[in-house]
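Peer 1: First the structure, then my questions, so here it is.
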Amino acid sequence: MDNERIEELFEGLGPVSIRKLFGGKGIYFDGVIVAIVLRGELLLKADEQSAPDFEAAGCKQWTYTGTRHGKLVAMPYWSIPDSAFDDPDEMIVWARRAYEAGRRAGK
């Protein structure tokens, strides 16, 4: 996903900064990480408060198998509902949830 498309998706939230992160990209708004792009997939930040909304919308949480212990590790990033990619009003709702989760995390 190129930076222009990322900026377009987050336009309703405000200007975002995009930085290299974990071999992908970190997307920040007002100094708070709101999303990452990993292996071409855009994932939004969530927490205990917002994760149920993502789950109810059919989104998938980013997980991976730890190399040292072989256990599944769940990260605080979730996929975006497909419909949000084509609907700026819906995307801003999800982007705001991600921003609030980032603020609550203090990062």
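Where a number appears in this text, it was derived from the coordinates with a stated rule and is not lab data. As the structure is a prediction and not an experimental result, all values here were calculated from the model. Cβ placement follows ideal geometry from the backbone for every residue including glycine, while neighbour counts extend to all protein chains displayed.
Peer 1: Residues to consider are Leu21, Leu9, Leu43; find the one that is touching a helix residue (DSSP H, G or I) at 6+ places or on another chain (Cβ under 8 Å) and not charged (D, E, K, R). Outline the logic, then answer.
Peer 2: Numbers: Leu21 fails: touching a helix residue (DSSP H, G or I) at 6+ places or on another chain (Cβ under 8 Å); Leu43 fails: touching a helix residue (DSSP H, G or I) at 6+ places or on another chain (Cβ under 8 Å).
Just a single option satisfies the conditions, and that option is Leu9.
Peer 1: Are there any strands (runs of 3 or more DSSP E) wholly within the chain with 1 or more residues that are aromatic (Phe, Trp, Tyr) and surrounded by fewer than 16 Cβ atoms within 10 Å (Cβ to Cβ), and if so which?
Peer 2: Numbers: elements: 17-21, 24-29, 32-38, 41-45, 61-65, 72-78.
By residue number, 61-65.
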